[in-house]
Amino acid sequence: MNYDNVDFGTYFKNYPDKEGFFGKYGGAYISEDLKKAMEEISEAYFTICKSSKFISELRRIRREFQGRPTPISHLERLSTKLGNVQLYVKREDLNHTGAHKLNHCMGEALLAKYMGKKKVIAETGAGQHGVALATAAAYFGLECDIYMGAVDIKKQAPNVARMKILGANVVEVTEGLATLKEAVDAAFKAYSREYKDCIYCIGSVLGPHPFPVMVRDFQSVVGIEAREQFIEMTGELPDAVVACVGGGSNAMGMFSGFLNDPVDIYGVEPLGKGTKLGDHAASLKYGTEGIMHGFNSIMLKDENGEPAPVYSVASGLDYPSSGPEHAFLQDLGRVKYDVISDDEAVDAFFTLSRLEGIIPAIESSHAVAYGMKLAKEMKRGSILINLSGRGDKDMDYIIEKYGIK
């Protein structure tokens, strides 16, 4: 399918449909008990999202508490090193808590308060979603349980400490590979037991409807700001927009501002150690259609058709599927999805740090690496990269594994 067949001027009114589908992707493949919970969330969200009181309160929080709008920075030294193409980054690392995740967590927690819930439950991989939700819970006076794989707890110790300081209960998950997929599994099980008193605050544009659209809407502030800021800075649109994709919340936030523009859009997945199954987490590149965690998308499968083991140096990207809207945009041809390896991401991590004084999250480093590669291929123009988070959380792990280059 070619995206010329879709009117992106009305795209957000048409997708997803009322059942939560982006074409054939999305939906809500869940138990009857959870269906009732999702219907409750959906009804509350689609009521509150049109409320001027809710919108005004969220805007005030973003301005006074989160520190939005976040700026765009021109990477002048890096651009000069690479050639004639000018690189820019949207500084979500300067959003309160150090990543884009707070954009939807404050919205989800505000929704929980509106619904009269007492607790929020979530999973986390790199810990940024966990920190953001723990922050939102503290802000609104809610209890907070964060499920996190044992492997990620070890890799992301600084964020684990932050969650605990903020008052969250960090639940260690030891089943399977003990990473992000298993954390989601455990969080969903807990939610199925407690949904009457709590709300599941999913950490990306995935899961059963209405989460993919709800998180996209909360994250769209990134793309809306970035488009306006870039035009103000340069007088024109960027030639290309780049963001990393695991579940894909930061990417959908950024992409949503540019879907109806003559701009090339690139989503960057983690190639990890190589193309062998189990060595990467590039589901859109190498996966097939499948259902997991309550939604239909493109996923990496083992020989039994179950979610395959995945790997990435970036804990926030090692998930065996991707948000259904990303699968849809890939089918439409509107967004090109490509890959960056661990080594390329780590190289970009150090390069951006030393040339620009910005230490990026290792997840964001995948987007930076792809932007650098794209800049070498383009003879002229501009590239806007979503710097989705800062790298404080990754420094100990990167130094331990790679040393200081």
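The values are calculated or read from the model by the stated rules, or taken from the named source; none is laboratory data. A quick note: this is a predicted structure, and the numbers were derived from the prediction, not measured. Heads up, the Cβs are rebuilt from the backbone with ideal geometry, glycines too, and the neighbour counts pull from every protein chain shown. Note: accessible area is taken over every heavy atom of the protein model, side chains too, but ligands, DNA and RNA are not part of it. Shrake-Rupley method; radii C 1.70, N 1.55, O 1.52, S 1.80 Å.
Taking region 244-282 as the search range and keeping residues that are aliphatic (A, V, I, L, M) and out of contact with any His (no Cβ under 9 Å at 6 or more places or on another chain), which one is surrounded by the most Cβ atoms within 10 Å (Cβ to Cβ)? Even if it seems obvious, please write down each step before you answer.
Step one: list which residues in region 244-282 are aliphatic (A, V, I, L, M), which gives 245, 251-252, 254, 259, 263, 265, 268, 271, 277, 281-282.
Cutting the leftovers down to out of contact with any His (no Cβ under 9 Å at 6 or more places or on another chain) gives us 259, 263, 265, 277, 281-282.
Details: L259: 21, V263: 17, I265: 20, L277: 16, A281: 31, A282: 25.
Residue satisfying both the conditions and the ranking: A281.
So which residues in region 57-67 are in a helix (DSSP H, G or I) and either open to solvent by less than 70 Å² (accessible area, probe 1.4 Å) or within 15 Å of A109 (Cα to Cα) (or both), if there are any at all? Give the derivation first.
Going through region 57-67, the residues in a helix (DSSP H, G or I) turn out to be 57-66.
Residues satisfying the conditions are E57, L58, R59, R60, I61, R62, F65, Q66.
Here G116 fulfils each of the conditions (1) without any contact (Cβ under 8 Å) to a residue 40 or more places away in the chain; (2) more than 30 Å from T351 (Cα to Cα); (3) open to solvent by less than 10 Å² (accessible area, probe 1.4 Å) apart from (3).
State all residues of region 129-143 that are under 20 Å from the mean Cα position of the chain (by Cα) and either under 13 Å from M106 (Cβ atoms) or open to solvent by 60 Å² or more (accessible area, probe 1.4 Å) (or both); if no residue qualifies, say none. Let's see the steps before the verdict.
Pass one, region 129-143, residues under 20 Å from the mean Cα position of the chain (by Cα): 129-137.
Once the filter is applied, which keeps residues that are under 20 Å from the mean Cα position of the chain (by Cα) and either under 13 Å from M106 (Cβ atoms) or open to solvent by 60 Å² or more (accessible area, probe 1.4 Å) (or both), region 129-143 yields H129, V131, A132, L133, A134, T135, A136, A137.
Between V205, V151, which is closer than 22 Å to E39 by Cα and hydrophobic (A, V, I, L, M, F, W, C)?
V205
Among the residues of region 211-220, those that are over 13 Å from L111 (Cα atoms), touching a residue at least 40 places away in the same chain (Cβ under 8 Å) and in contact with a helix residue (DSSP H, G or I) (Cβ under 7 Å, 6 or more places away or on another chain) comprise P212, R216, Q219.
Does G98 count as within 22 Å of P360 (Cα to Cα), of a type in the set (G, A, S) and open to solvent by less than 30 Å² (accessible area, probe 1.4 Å)? Working first, answer last.
Working: within 22 Å of P360 (Cα to Cα): yes; of a type in the set (G, A, S): yes; open to solvent by less than 30 Å² (accessible area, probe 1.4 Å): yes.
Yes: the conditions hold for G98.
I need the full set of residues from region 73-110 which are among the hydrophobic types (A, V, I, L, M, F, W, C) and assigned to a helix (DSSP H, G or I), in order please. If the condition is that a residue be among the hydrophobic types (A, V, I, L, M, F, W, C) and assigned to a helix (DSSP H, G or I), then L78, L82, L94, L102, C105, M106, A109, L110 are the ones that fit.
Looking at region 365-405, which of the residues that are of a type in the set (S, T, Y) and open to solvent by less than 20 Å² (accessible area, probe 1.4 Å) is farthest from L78 (Cα to Cα)? Walk me through it before giving the result.
Keep residues of region 365-405 that are of a type in the set (S, T, Y), which gives 365, 370, 382, 388, 397, 402.
Pick out the ones that are also open to solvent by less than 20 Å² (accessible area, probe 1.4 Å) and you get 365, 370, 382, 388.
Details: S365: 14, Y370: 13, S382: 13, S388: 18 Å.
Within region 365-405, the match that is farthest from L78 (Cα to Cα) is S388.
Return the total of residues in region 30-56 being in a helix (DSSP H, G or I), within 29 Å of E92 (Cβ to Cβ) and in contact with a helix residue (DSSP H, G or I) (Cβ under 7 Å, 6 or more places away or on another chain).
Taking region 30-56 first, the residues in a helix (DSSP H, G or I) are 32-48, 52-56.
Now narrow it down to the ones that are within 29 Å of E92 (Cβ to Cβ): 38, 41-42, 44-48, 52-56.
From what is left, the residues that are in contact with a helix residue (DSSP H, G or I) (Cβ under 7 Å, 6 or more places away or on another chain) are 44-45, 48, 54.
Adding up the residues that qualify gives 4.
So, L237, is that one in contact with a helix residue (DSSP H, G or I) (Cβ under 7 Å, 6 or more places away or on another chain), farther than 13 Å from N386 by Cβ and in a helix (DSSP H, G or I) or not? Answer is no for this residue. Within region 111-133, the residues that satisfy the criterion of being within 16 Å of D392 (Cα to Cα) and part of a helix (DSSP H, G or I) are Q128, H129, G130, V131, A132.
Got a sec? Which strands (runs of 3 or more DSSP E) wholly within region 142-206 have at least 2 residues that are without any contact (Cβ under 8 Å) to a residue 40 or more places away in the chain? Can you show your working first?
Numbers: elements: 143-149, 169-173, 198-200.
Output list reads 143-149, 169-173.
Could you tell me whether A109 is touching a Phe, Trp or Tyr at 6+ places or on another chain (Cβ under 7 Å) and among the small types (G, A, S)? Considered against the rule, which asks whether it is touching a Phe, Trp or Tyr at 6+ places or on another chain (Cβ under 7 Å) and among the small types (G, A, S), A109 comes out as yes.
Filtered by the rule that a residue be under 13 Å from the mean Cα position of the chain (by Cα) and surrounded by fewer than 24 Cβ atoms within 10 Å (Cβ to Cβ), region 315-364 gives no residues. For region 150-179, a residue qualifies if it is in contact with an Asp or Glu (Cβ under 6 Å, 6 or more places away or on another chain), more than 26 Å from K118 (Cβ to Cβ) and surrounded by 23 or more Cβ atoms within 10 Å (Cβ to Cβ), and exactly one does: T179. Filtered by the rule that a residue be within 17 Å of S204 (Cβ to Cβ) and of a type in the set (V, I, T), region 77-102 gives a lone residue, T97. Using the structure shown, decide if I202 is over 12 Å from the mean Cα position of the chain (by Cα), aliphatic (A, V, I, L, M) and either open to solvent by 30 Å² or more (accessible area, probe 1.4 Å) or farther than 24 Å from A375 by Cα (or both). The answer is no for I202. Tell me which residues, restricted to region 11-26, are open to solvent by 50 Å² or more (accessible area, probe 1.4 Å), in a loop (DSSP other than H, G, I, E, B) and more than 17 Å from Y45 (Cβ to Cβ). The one that is open to solvent by 50 Å² or more (accessible area, probe 1.4 Å), in a loop (DSSP other than H, G, I, E, B) and more than 17 Å from Y45 (Cβ to Cβ): K24.
Would you be able to say whether some residue in region 32-52 is under 25 Å from I358 (Cβ atoms), open to solvent by less than 60 Å² (accessible area, probe 1.4 Å) and either in contact (Cβ under 8 Å) with a residue 24 or more places away in the chain or of a type in the set (V, I, T) (or both)? Walk me through how you get there before you give the answer.
Here is the first cut: in region 32-52, the residues under 25 Å from I358 (Cβ atoms) are none.
Among the residues of region 32-52, not one is under 25 Å from I358 (Cβ atoms), open to solvent by less than 60 Å² (accessible area, probe 1.4 Å) and either in contact (Cβ under 8 Å) with a residue 24 or more places away in the chain or of a type in the set (V, I, T) (or both), which makes the answer no.
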